[in-house]
Amino acid sequence: MSAPTPEPAEAVATAGAPTAPMITDSSRASLEALRSEIAKAVVGQDPAVTGLVVALLCRGHVLLEGVPGVAKTLLVRALAASLELDTKRVQFTPDLMPSDVTGSLVYDARTAEFSFQPGPVFTNLLIADEINRTPPKTQSSLLEAMEERQVTVDGIPRVLPDPFLVAATQNPIEYEGTYPLPEAQLDRFLLKLTVPLPTREDEINVLTRHADGFNPRDLNAAGIRPVAGPADLEAARAAVAKTAVSPEITAYVVDICRATRDSPSLTLGASPRGATALLSTARAWAWLTGRDYVTPDDVKALALPTLRHRLQLRPEAEMDGVTADAVITAVLAHVPVPR
């Protein structure tokens, strides 16, 4: 199957991330097998699956946003089951403490000494379920882990495993009893992927699977098996790092991010970290589509999921119904595209 061109930004606006084409060489093939395994459990969310693969390639973290019941947690669990990686899940609640995530010192009566007991963050893939239901104090316990890949307890930095990815979920419509993520933490997520309601055909497929005995709590019974591991990811990341980026593409990324800072609808535009993230995700997408160089279409395809959570709307713009996606789409339409 030949590789199609990346989807336009308008398609990404509704899906959250582009859909990857079929891929052929060995490192790409392992990731294609990963996507096929996830499809055994999750129907109709291929763009979000592709976004998770891009995050793995870029060593980034993902925020999944969608209404309840669209398989956000199942999607991440299926990803974990398809990888030969350690995974842990934390259900974020208002009474969760930072030490419940990072770990703490525990007194051992036998040795009369304190020893460190690692928390669930010491894993390869951390599922942070409903992250916006825990107070900022506990949310901030992930900041060092996400940025520095380490946790400091009692003044001692403790390195996290590699690879390490946080896949967090949140509900966009229920705000009672939630704590919106601060801008500093949002900026540390590489991608924000929207998980939409399935189409009618996909929803029929979901119900048919359940009628045939599919149990989302038993992924082994669904036939999901590990098809990729750390070695595959390392080889793929090395290949992505060799993807060529011309000076014109670099300038294009910078111009897009600077244009968001000048938007009258925003109080906060994309930061330099956002520009770096956009360049990284565009390189990963270019490699997934079978090329060793980045094009403007690659940048456009990943602009929405990479930048949407880094922008802050003015209150009056929100009241007028303006969205971050609409601002990014307008910016993409006006920033000159390099030829």
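The values are calculated or read from the model by the stated rules, or taken from the named source; none is laboratory data. Predicted, not measured: the structure shown is a model, and the values here were computed from it. Note: ideal-geometry Cβ built from the backbone for every residue, glycine included; neighbour counts use all protein chains shown. Just so you know, the surface numbers come from the protein's heavy atoms only, side chains and all, with ligands and any DNA or RNA stripped out. Shrake-Rupley method; radii C 1.70, N 1.55, O 1.52, S 1.80 Å.
Summary table below
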read-out: Residues being within 16 Å of Leu56 (Cα to Cα) and not hydroxyl-bearing (Ser, Thr, Tyr) - total across segment 264-321; value: 12
read-out: In segment 157-186, the residues that are in a loop (DSSP other than H, G, I, E, B), more than 26 Å from Val43 (Cα to Cα) and at pLDDT below 90; value: Asp162, Pro163, Tyr175, Glu176, Gly177, Thr178, Tyr179, Pro180, Leu181, Pro182
read-out: Helices (runs of 4 or more DSSP H) lying entirely in segment 31-130 (those with 1 or more residues that are within 14 Å of Leu165 (Cα to Cα), within 13 Å of the chain's Cα centre (by Cα) and not hydroxyl-bearing (Ser, Thr, Tyr)); value: 46-58, 72-82
read-out: Search result, residues across segment 208-260 that are in contact with a Pro (Cβ under 7 Å, 6 or more places away or on another chain) and at pLDDT below 90; value: Pro230, Leu233
read-out: Only listed residue being in contact (Cβ under 8 Å) with a residue 40 or more places away in the chain, open to solvent by 20 Å² or more (accessible area, probe 1.4 Å) and either over 23 Å from Lys72 (Cβ atoms) or assigned to a loop (DSSP other than H, G, I, E, B) (or both), chosen from Ala231, Ala251, Ala236, Ala221; value: Ala251
read-out: Set Asp100, Asp129, Asp86, Asp108: member being open to solvent by less than 30 Å² (accessible area, probe 1.4 Å), closer than 24 Å to Val153 by Cα and of a type outside the set (A, V, I, L, M, F, W, C); value: Asp129
read-out: Checklist (1) part of a helix (DSSP H, G or I); (2) buried (at least 22 other Cβ atoms within 10 Å of the Cβ); (3) at pLDDT 85 or above applied to Val12, failing item; value: (3)
read-out: Test: residue in segment 202-212 that is open to solvent by less than 30 Å² (accessible area, probe 1.4 Å) and at negative phi; value: no
read-out: Candidates Gly119, Gly103, filtered to the one that is without any contact (Cβ under 8 Å) to a residue 40 or more places away in the chain and of a type in the set (Gly, Ala, Ser); value: Gly119
read-out: Residue tally, condition open to solvent by 10 Å² or more (accessible area, probe 1.4 Å) and either part of a helix (DSSP H, G or I) or without any contact (Cβ under 8 Å) to a residue 24 or more places away in the chain (or both), over segment 133-155; value: 13
read-out: Whichever residue in segment 254-288 is among the aliphatic types (A, V, I, L, M) and not in a helix (DSSP H, G or I) and, among such residues, is surrounded by the fewest Cβ atoms within 10 Å (Cβ to Cβ); value: Leu268
read-out: Flag for Ile173 being over 30 Å from Ala39 (Cβ atoms) and open to solvent by 60 Å² or more (accessible area, probe 1.4 Å); value: no
read-out: Tally, over segment 112-126, of residues that are open to solvent by 10 Å² or more (accessible area, probe 1.4 Å) and among the hydrophobic types (A, V, I, L, M, F, W, C); value: 4
read-out: Failed item, numbered, when Thr199 is tested on (1) within 28 Å of Cys58 (Cβ to Cβ); (2) open to solvent by 60 Å² or more (accessible area, probe 1.4 Å); (3) of a type in the set (Ser, Thr, Tyr); value: (1)
read-out: Failed condition for Asn215, given (1) without any contact (Cβ under 8 Å) to a residue 40 or more places away in the chain; (2) open to solvent by less than 40 Å² (accessible area, probe 1.4 Å); (3) polar (S, T, N, Q); value: (2)
read-out: Single residue of segment 57-83 satisfying the filter (among the small types (Gly, Ala, Ser) and either open to solvent by less than 70 Å² (accessible area, probe 1.4 Å) or in contact with an Asp or Glu (Cβ under 9 Å, 6 or more places away or on another chain) (or both)) that is farthest from Ala236 (Cα to Cα); value: Gly66
read-out: Residue in segment 140-152 that is basic (Lys, Arg), under 27 Å from Arg273 (Cα atoms) and at pLDDT 85 or above present; value: yes
